[in-house]
Amino acid sequence: MQSSAVNSSNNKETTRSITFAEAVREALSQEMREDQDVFILGEDIGVYGGAFGVTRGMIEEFGPERVRNTPISEAAITGAAIGSALTGMKPVVELQFSDFITIAMDQLVNQAAKLRYMYGGKGNVPMVLRTPSGSGTGAAAQHSQSLEAWVAHVPGLKVVQPSTASDAKGLLKAAIADPNPVIFYEHKLLYKTQEHVPEEAYTIPLGEADVKREGTDVTIVATAVMVHKALEAAEKLAEEGIDVEVIDPRTLVPLDEKTIVDSVKKTGRVIVVHEAVKRGGYGGEIASMIAESEAFDYLDAPVRRLGALPIPVPYNPALEKAMVPQMDDIMQAARDSVHRR
Amino acid sequence: MATKTIEQVESHFEMFQILNENGEVVNKDAMPDLSDEQLQEIMHRMVYTRIWDQRAISLNRQGRLGFYAPVAGQEASMIGSHYALEKEDWILPGYRDVPQVVWHGLPLYQAFLYSRGHFHGGQIPEGVNILPPQIIIGAQIVQAAGVALGLKRRHKDNVAITYTGDGGASQGDFYEGMNFAGAYEAPAIFVVQNNQFAISVPVEEQSAAKTIAQKAVAAGIHGVQVDGMDILAMYSVTETARKNALNGEPTLIESVCYRYGPHTMAGDDPTRYRTEELDNEWEKKDPLIRFRKFLEDKDLWNEEKENEVVDQAKADIKEAIKQADDTPKQKASDLIEIMYEKLPQNLQEQLEEYREKESK
């Protein structure tokens with residue numbers, strides 16, 4: 001998946017093409033060189049380099065105390081990260097697959113998200129939990145889900161979902177600097193995507209959407225891998241005379257409502273697309289936000305949502321693909337919206 | 001003194017062994033009461049499983065099998081513990097524990113279909129008391145406590161046995177499952193196959209405990225560490241654990257073993273975290289070599305017998321793969337049908353729609 005169509009928001013001088021995974025590693029390494037309080041912990045992140053190779057080479061540079069290879073104990077990994085964060089460390093957890101967040105859920109929901117509030121503003125939990133999500137790799141029902149709506153629902157947690165290497169790098173720096181717990185989703189299919197990424201460290205603030213493509217006829221709000229599918233769809237739709245605007249919120253919490261509302265006011269039509277199951281997915285939140293906003297009066301067509309079918313992710317590659325929105329589905333939704341079918 | 005307590009506890013967990021690396025009996029008193037035919041049957045199963053593992057790996061590489069976690073090196077641990085069970089006992093396996101469930105009655109072709117993600121692979125035949133292999137590390141351990149409780153409630157003379165790896169012993173579920181079974185005097189056996197690595201992390205780095213077996217102490221249940229490359233020792237401790245379980249006393253068995261292959265066939269490269277020397281060291285302890293020697297010394301095994309098993313295994317695997325290939329491909333309509341006893345109206349419509357499409 002080449003992301004050449006993506007408008008990088010960075011105009012730094014020294015860039016070179018690196019992968020999403022390398023961009024994440026670079027952000028982690030730069031923060032760890034800069035700040036001795038930053039450390040990483042997770043399963044197989046040592047010599048193995050993590051399940052997706054993101055931390056490869058890091059234990060050699062930073063040593064086993066700052067690259068903590070953990071037992072298989074998701075609750076303890078997350079709880080320990082919270083504990084260390086409360087005492088001023090800046091832990092970055094790698095949760096091997098985002099599906100395993102189930103095992104860390106008490107620590108995240110009842111602990112990380114609540115501690116500052118319950119301690120009367122006396123504590124901070126400056127932790128980041130990075131975790132690979134999404135389908136498309138043949139990893140089946142328990143290793144392929146997109147459960148980001150669960151954490152986005154909980155006040156006290158911030159949720160980041162980058163779609164490109166350069167966004168991932170800048171957003172991860174912001175996430176590590178943030179005094180709140182941040183859940184940082186990395187879509188597995190994006191790890192090998194490449195683009196030009198500035199070498200020096202830079203920040204992309206949490207809560208700023210990015211207009212990945214400007215257009216006038218219909219707005220597509222897409223997250224993670226769907227950003228790329230929406231951009232591909234937009235290129236094809238241009239041939240049909242439909243001019244698509246693609247917005248990547250980049251962070252679900254906080255959500256940049258203004259960029260989305262402004263876009264919908266301009267186009268009058270909007271499609272929200274994510275890979276997560278449509279029922280109860282975060283797309284419902286975005287659609288409702290639009291309906292409640294001043295953009296409502298500008299709508300020329302109903303808000304449309306695309307998401308996965310409400311089924312476990314199939315192992316069979318054809319069915320796995322059939323479960324989640326594809327480029328053709330996005331194109332059809334855009335045509336339906338523009339032609340009011 | 002805390003240190004002294006730990007030393008005292010740890011001194012109770014010396015590794016139990018019957019056959020040493022050279023196939024010599026080092027613990028005569030502990031020899032299980034097995035007939036010559038039973039001893040031959042155990043060898044048969046180990047050879048068969050080794051061949052099947054080799055075939056499964058190459059089938060996976062050819063794209064003819066899906067998910068597969070290699071078992072070579074763990075045959076004694078798996079088959080020895082399984083052989084001590086009764087047909088009506090329940091098995092809650094981890095994803096590597098396919099041999100036990102096949103020897104417990106799951107047809108081989110269904111194990112292959114499971115690997116391919118075909119729904120029929122998970123349709124356990126009536127009377128085969130197993131749960132499908134668990135993917136989430138440690139989740140089966142708490143469930144085993146529940147299966148055991150059910151058996152107790154129904155006054156069955158059967159046990160629930162569950163398997164995990166050394167990595168699973170770090171999960172909260174591991175302790176909770178043992179503690180629960182202990183508290184309710186449930187007929188449960190918890191087997192940890194300590195194959196030395198949780199994917200890449202060595203067991204020494206996973207815990208300060210010298211043995212995994214000693215973790216039983218905190219839960220107040222029996223704990224034993226056993227040479228998992230010694231099939232007689234594995235059989236013997238499981239047989240004892242089974243008797244104790246029926247008496248309301250669960251056991252944690254730590255089987256010290258080794259996986260020769262990668263963690264799974266999904267891209268793991270063990271050379272990144274294991275040395276060749278370590279591999280060689282463990283291969284010298286091979287469970288097949290030592291048991292073969294033991295049987296040959298008793299004139300119970302020879303090359304001819306071995307070849308018979310190899311040929312039979314190869315033929316069975318070929319047949320099972322054929323049967324898996326011949327199983328109708330799963331259709332969207334199948335998936336709708338198998339999920340509901342009584343279909344809701346909207347799915348009934350979808351079902352008809354799919355059947356219509358599929359009939360073309």
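Bear in mind that the values in this text are calculations on the coordinates, not laboratory data. Everything quoted here is computed from the prediction, not taken from an experiment. Every residue, glycine among them, receives a Cβ derived from its backbone with ideal geometry; neighbour counts consider all protein chains shown.
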Cα-based convex hull volume of segment B:2-328 per residue, rounded to whole Å³: 135
Aspartates and glutamates within cross-link reach of A:Lys236: Cα-Cα under 18 Å, excluding same-chain residues under 8 positions apart? A:Glu214, A:Asp217, A:Glu245, A:Asp328, A:Asp329, A:Asp336
Is it possible to state the helix-based mean residue ellipticity at 222 nm for the protein assembly as shown, with each DSSP H run of 4+ residues giving -39500 (n - 2.57), the sum divided by total residues, to the nearest 500 deg cm²/dmol? What is it? -12000 deg cm²/dmol
Among A:Ile101, A:Val182, A:Tyr48, whose Cα sits farthest toward the positive end of the charge dipole of chain A (+1 at Cβ of Lys/Arg, -1 at Cβ of Asp/Glu, about the Cα centre)? A:Ile101
Magnitude of the Cβ-charge dipole of the protein assembly as shown, K/R +1 and D/E -1, about the Cα centre, nearest 20 debye? 1280
Please give the contour-minus-distance gain from B:Asp326 to B:Gln312: 0.36 nm per residue of separation, less the Cα-Cα distance, rounded to one decimal in nm. 3.0 nm
Distance in nm between pseudo-label sites at B:Lys298 and A:His196 (7 Å out along the Cβ direction from Cα): 7.5
Of all the C-alpha pairs in the protein assembly as shown, what % are more than 48 Å from each other? 23
Projected convex hull area of chain A, Cα atoms, direction-averaged, in nm², equals 16.7
How far is helix B:139-153 tilted, in degrees, relative to the longest principal axis of the Cα atoms in chain B, given as a value from 0 to 90 rounded to the nearest 10? 90
Let a ≥ b ≥ c be the square roots of the eigenvalues of the Cα gyration tensor of segment A:4-196; is it rounded (a/c under 1.5), or, if not, prolate (a/b larger than b/c) or oblate? rounded
Is segment B:37-126 rounded, prolate or oblate when judged by the Cα gyration tensor, a ≥ b ≥ c being the square roots of its eigenvalues, rounded requiring a/c under 1.5 and prolate requiring a/b larger than b/c? oblate
What's the magnitude of the charge dipole for segment A:210-339 around its Cα centre, counting Lys and Arg as +1 and Asp and Glu as -1 at the beta-carbon? Answer in Debye, nearest 20. 380
Estimated distance in nm for a label pair at A:Met89 and A:Asp106, the labels positioned 7 Å out from Cα along Cα-to-Cβ: 2.1
Can you list the chymotrypsin sites (Phe, Trp or Tyr not before Pro) in segment A:115-192 that are in a DSSP coil and have 16 or fewer other beta carbons within 10 angstrom? A:Tyr119
One quarter of the C-alpha convex hull surface, i.e. the mean projected area of segment B:26-78 in nm², amounts to 4.6
Cut-off under 17 Å on the C-alpha distance; same-chain residues fewer than 8 positions from B:Lys284 excluded. Which lysines are left, in chain and number order? B:Lys293
For segment B:265-328 and segment A:265-339, write down the distance between their C-alpha centroids in whole Å. 51
If you keep only loop residues by DSSP, which trypsin sites (Lys or Arg not before Pro) in segment A:179-257 have at most 16 other Cβ atoms within 10 Å of their Cβ? A:Lys192
Answer rounded, prolate or oblate for segment A:204-309, using the Cα gyration tensor with square roots of eigenvalues a ≥ b ≥ c: rounded when a/c is under 1.5, else prolate when a/b is larger than b/c, else oblate. rounded
Helix B:303-326 axis, angle to chain B major axis (alpha carbon atoms, nearest 10°): 30
Positive-end extreme of charge dipole, the protein assembly as shown - chosen from A:Ile18, B:Pro187, A:His228 (charges on Cβ): A:His228
Output for segment B:60-97: trypsin sites (Lys or Arg not before Pro) sitting in coil per DSSP, at most 16 other Cβ within 10 Å, listed by number, reads B:Arg64, B:Lys87
Along the charge dipole of segment B:3-133, which of B:Gln54, B:Gly66, B:Leu106 sits closest to the positive end, that is, farthest toward it, with unit charges on the beta carbon of Lys, Arg, Asp and Glu (+1, +1, -1, -1)? B:Gly66
Over every pair of different alpha-carbon atoms in segment A:186-255, take the mean of 1/r and invert it; report that Kirkwood radius in Å. 13.4
Taking a 22 Å limit on the Cα-Cα distance, which of the listed pairs B:Lys285/B:Lys318; B:Lys4/B:Lys210; B:Lys243/B:Lys285 fall beyond it? B:Lys285/B:Lys318; B:Lys243/B:Lys285
1/(1 + (r/R0)^6) with r = Cβ-Cβ of B:Asn346 and A:Glu65, R0 = 45 Å, i.e. FRET efficiency to nearest 0.05, evaluates to 0.20
Taking a threshold of 20 Å on the Cα-Cα distance, which of the pairs A:Lys192/A:Lys229; A:Lys229/A:Lys321; A:Lys158/A:Lys258; A:Lys90/B:Lys215 fall above it? A:Lys90/B:Lys215
